[in-house]
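Working notes for the structure below.
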Amino acid sequence: MARSIPAVRPRPAIAALLAAGALGVVAGCGSNDSSTSPATGASTSAASTAASTAAPTTAEAPASTTPAAGGSSQSVTDYAAYVGGSGKADAGKSPVYVGWVNQEGGQQTIGAAATDGADLAVQAVNDMYGGIDGHPLKLKKCFIKSAEEEGTSCAQKLGNDPDVKLVVMGGVAIGIQAFYSSIDKPVITGVAVTPVDGAQKNATVLFGDATHVLGPFGTYARDVLGAKTAALVYPNISGITDGAAALQKGLQDAGITVKRVGYSQGQTDLIGPLTAAGAQNADIVIPYSDASGCVNQAKALKQLGITDNKKIVSAPLCLNPTVSEGLGGDYPIWTYAIASSLYGDPTDPGMKPYMALTEKYKVKTAPDPWVIVSFGTMLTAAKILNQVGPDKATTAAIVDAAHSFKGPVALGAPSLQCGKDPKAPAICNDQTQFFTYNGKNDFKKAAPWSRPPS
């Protein structure tokens, strides 16, 4: 009988961007104009809190037949072929160790369930995908709870361990600068929670970060909505202002006039900010907030009579159980940008094998976006280790193989281009897909994988 992966804070969730879901934890402070300040901290709201209890219902054309803008249309459906092996790993061979770092166990949790996805990938690799060239794959884990120095401790623990070939990272903001300052080994991350990861030469970020996966809002606004004007409203809190700046740039690059208005954290009456941004007459309205502000944004939009769910577009941070409770039992009826697979999406051929696998191993947190992302990330790390070979897995060899990987990434973008942005050489994805929510767990694909406007 298959071992059940233990659940970390079991909470069913839609696979919202994961990379988009973590946008709210990218640190920063800002104002209501286009200027923003450097990142300095992290918000407690993140993709791990996005939730839904059912798969989306949609009958769109399969993703494998819908070209993504600027990329391949392939989805990963054969995990054994993807990893590069089959059958059980040979228990008689020496293990291949990978470090695993996640921020969990403290008050500021980003992706508590991410470890479930990593554990699932390792178990599947060892049970069915041949291990790493026949060797069992094992994790050496280190968790960051609440202190910056814990980043240093994890880096030293894993960096000084000669058995650890590379480090895979979940959702980490606290101690991230200290971590990278203390480790030279290769690091593979699913979602970069802060801008720090993208700047590292020894890192690879497979699903992207806020700066890069919010740009496609401009493409969606221009190509799907035919928008000429945009209203962008957001709270001036850590983690949101950098994302707001990225949204504004993407919209302006698409030739769209943007009115961007920030408001004070804790402000409840948002009629004023929305009106100041011209939301009543704008072609696209972007209420961008962590979960704490979503209820007030949704209520204000309704009060203003703005209800077109195709033109109200947001990151998936509002797909949160507390938001649903605050709105009487459902999420805001908006369109959402998602930079990973959406749990249960019937248009995504890559979702079916994932759902089958999580059912086999009884993973209660399977829909959580961080589980989806960490599973895909760890599976890709195994693929890269097989490609390099466990006996030749030097830092340079792993980094070169990771940066040259063109995708598709399991449960992620159909194509990758690491180093596309010279200022963020570790970032490999700038694509997002869009889903319109019609209420009662009914999601329909509004746009396929799209890149920022060129």
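The values are calculated or read from the model by the stated rules, or taken from the named source; none is laboratory data. If you're wondering where the values come from, they're calculated on a predicted model, not measured in any experiment. Glycine gets a Cβ as well: all are built from the backbone with ideal geometry, and neighbour counts include every protein chain shown. Quick note on the areas: whole protein, heavy atoms, side chains included, nothing else; ligands and nucleic acids left out. Shrake-Rupley method; radii C 1.70, N 1.55, O 1.52, S 1.80 Å.
How high is the relative contact order of region 257-329, in percent, with contacts defined as C-alpha pairs under 8 Å that are six or more residues apart?
The normalised contact order for region 257-329 reaches 33 percent.
What FRET efficiency do you get for SER181 and ILE271 if R0 is 60 Å and r is their Cβ-Cβ distance, rounded to the nearest 0.05?
Once the sixth-power term is evaluated, E becomes 0.85.
Classify region 102-181: rounded, prolate or oblate, from the alpha-carbon gyration tensor (a ≥ b ≥ c, eigenvalue square roots; a/c under 1.5 rounded; otherwise prolate if a/b is larger than b/c)?
Values: a/c = 3.31, a/b = 1.57, b/c = 2.11.
Oblate.
Excluding ligands and nucleic acids, what accessible area in Å² is computed for LYS420 using a 1.4 Å probe, to the nearest 10?
The accessible area comes out at roughly 100 Å².
Which whole-number percent gives the relative contact order of region 291-389, counting Cα pairs below 8 Å spaced six or more residues apart?
Worked out over region 291-389, it gives 20 percent.
According to a simple spin-label model (label point 7 Å from Cα along Cα-to-Cβ), what is the distance in nm between GLN156 and LYS406?
Output for this residue pair reads 4.3 nm.
Any chance you could run the full-extension gain for LYS440 through THR257? It's 0.36 nm times the residue separation minus the Cα-Cα distance, nm to one decimal. Before the final figure, lay out the partial values.
Values: separation 183, 0.36 × 183 = 65.88 nm, distance 3.33 nm.
Extending this stretch completely gives an extra 62.5 nm.
Taking 7 Å along the Cα-to-C-beta vector as the label spot, tell me the ASP90-LYS310 distance in nanometres, rounded to one decimal.
5.8 nm
For the peptides 209-217, 383-391, what is the packing order when you average, over each peptide's residues, the other Cβ atoms within 10 Å and list the highest mean first?
By packing density, highest mean first, the sequence is 209-217, 383-391.
Highest mean first, how do 291-297, 256-262, 324-330 rank when packing is the count of other Cβ atoms within 10 Å averaged over residues?
The densest-packed peptide leads the list: 291-297, 256-262, 324-330.
Answer rounded, prolate or oblate for region 334-442, using the Cα gyration tensor with square roots of eigenvalues a ≥ b ≥ c: rounded when a/c is under 1.5, else prolate when a/b is larger than b/c, else oblate.
oblate
Which chymotrypsin sites (Phe, Trp or Tyr not before Pro) in region 118-203 sit in a loop by DSSP (not H, G, I, E or B) and have at most 14 other Cβ atoms within 10 Å of their own Cβ?
Passing both the DSSP loop test and the Cβ count: no residue.
What's the local net charge at LEU416, with K and R +1, D and E -1, over the other residues with C-beta under 13 Å away?
+2
Bins of 5 Å, beginning at zero and ending with the bin holding the largest distance: percent of Cα pairs per bin for region 216-307, please.
3, 16, 28, 24, 19, 9, 1
Given LYS185/LYS360; LYS140/LYS362; LYS228/LYS444; LYS201/LYS352; LYS249/LYS406; LYS145/LYS310, which pairs have Cα atoms separated by over 32 Å?
Violating the 32 Å Cα-Cα cut-off are LYS185/LYS360; LYS201/LYS352; LYS145/LYS310.
Where only protein heavy atoms count, and the probe is 1.4 Å, what is the accessible area per residue for region 190-240 in Å²? Mind showing how you got there, number by number?
Values: 1210 Å² over 51 residues.
Heavy-atom accessible area per residue stands at 24 Å².
To the nearest 0.05, what FRET efficiency results for ASN281 and GLU148 with a Förster distance of 51 Å applied to their C-beta separation?
Numbers: r = 46 Å, r/R0 = 0.89.
Rounded to the nearest 0.05, the efficiency is 0.65.
Give the ranking of ASP308, ASP442 by solvent-accessible surface, highest area first, calculated with a 1.4 Å probe.
Order by accessible area, largest first: ASP308, ASP442.
Can you figure out the FRET efficiency of SER454 with LYS352, using R₀ = 30 Å and their beta-carbon distance, to the nearest 0.05?
After rounding, the FRET efficiency stands at 0.35.
Whenever you get a sec, compute what percent of the accessible area on region 115-242 sits on carbon and sulfur atoms (1.4 Å probe).
48 percent
Rounded, prolate or oblate, given the Cα gyration tensor of region 283-400, with a/c below 1.5 counting as rounded?
Here region 283-400 falls in the prolate category.
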